[in-house]
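Below is one structure, written out as structure tokens; comments come after it.
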Amino acid sequence: MGRREIAGAEEKIIAATIEVAGNETRGTYSTKEIALRAGLSEFTVFSHFKNKEALISAADEHLFSCYLAKEEELYARYPTDFERFFDGMLSSLLSDPSALRFIASYAPIFPREGEIMTYETMIDKRLRGKTNPFLFYLGKGGKRSESEDIALLLYCFRESVVDALELLLNVPDTASIRQAMFVLFSQGANAFVKVAE
């Protein structure tokens with residue numbers, strides 16, 4: 001008799017990983033705490049994910065998919081209003097502080113010492129040959145190369161996460177602050193576009 005499958009176990013484990021790892025100093029989370037938070041045994045966690053790196057990778061993939069889905073949703077709603085799109089992305093990131101902190105600590109959009117291969121793999125897997133709403137707002141195609149589009153997307157991803165973290169941790173979340181963030185964000189992106197052209 002084989003082991004009984006637990007319905008939704010992977011989803012529960014990923015959600016628990018985001019919550020636990022997103023609220024701990026980078027690298028200090030415990031798989032026991034993840035199992036407890038998921039309402040499962042630690043054995044079940046390791047039967048679905050062979051190690052902590054696999055847990056982090058699965059959680060990161062899940063959050064990146066959610067981020068892209070939110071981009072698509074907001075772009076469909078505001079195809080010509082970049083500021084409302086940006087504001088919506090900030091609100092989405094702020095809606096789950098654990099996920100936001102997890103992204104800041106673990107997402108490979110931020111290259112880290114000793115993880116350059118993970119960063120390069122992420123670029124190939126997630127960005128190369130892909131379209132993205134940020135590129136539509138900032139002029140898809142044109143004279144920019146694919147490498148320049150990828151660099152622009154990385155800027156957009158990083159800056160939106162950093163701005164959301166600032167609102168979460170350091171500055172009041174007001175309409176005027178968000179507008180200032182958008183102005184600085186778009187000036188940086190547009191300066192990049194001009195240099196690339």
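The values are calculated or read from the model by the stated rules, or taken from the named source; none is laboratory data. Note that the structure is a prediction, hence the values are computed from the model and not measured. Cβ coordinates were reconstructed from backbone atoms using ideal geometry, including for glycine residues, and neighbour counts include every protein chain displayed. The protein model used for the area step is the full one, side chains on, heavy atoms only, and it has no ligands, DNA or RNA in it. Shrake-Rupley method; radii C 1.70, N 1.55, O 1.52, S 1.80 Å.
Values computed for the structure shown
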{"read-out": "Those residues of region 16-45 which are in a helix (DSSP H, G or I) and open to solvent by 50 Å² or more (accessible area, probe 1.4 Å), in sequence order", "value": "E19, K32, E33, L36, R37, E42, F43"}
{"read-out": "Per-region count, region 46-77, residues open to solvent by less than 70 Å² (accessible area, probe 1.4 Å), farther than 17 Å from F102 by Cα and in a helix (DSSP H, G or I)", "value": "7"}
{"read-out": "Enumerated helices (runs of 4 or more DSSP H) restricted to region 97-197, each holding at least 2 residues that are crowded, with 18+ Cβ neighbours inside 10 Å and among the aliphatic types (A, V, I, L, M)", "value": "97-106, 146-169, 175-196"}
{"read-out": "Top-ranked residue of region 31-78 - restricted to ones that are of a type in the set (S, T, N, Q) and farther than 24 Å from K130 by Cα, ranked as farthest from the chain's Cα centre (by Cα)", "value": "S41"}
{"read-out": "Which numbered condition F86 misses (of (1) surrounded by 14 or more Cβ atoms within 10 Å (Cβ to Cβ); (2) within 30 Å of R37 (Cα to Cα))", "value": "(2)"}
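For (1) in contact (Cβ under 8 Å) with a residue 60 or more places away in the chain; (2) charged (D, E, K, R), each residue gets a yes or a no:
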residue	(1), (2)
A9	no, no
I13	no, no
S41	no, no
H48	no, no
F82	yes, no
D87	yes, yes
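For every residue, the table says whether it meets (1) acidic (D, E); (2) under 16 Å from the mean Cα position of the chain (by Cα).
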{"site": "G114", "(1), (2)": "no, no"}
{"site": "T118", "(1), (2)": "no, yes"}
{"site": "K143", "(1), (2)": "no, no"}
{"site": "E146", "(1), (2)": "yes, no"}
{"site": "Y155", "(1), (2)": "no, yes"}
{"site": "A189", "(1), (2)": "no, no"}
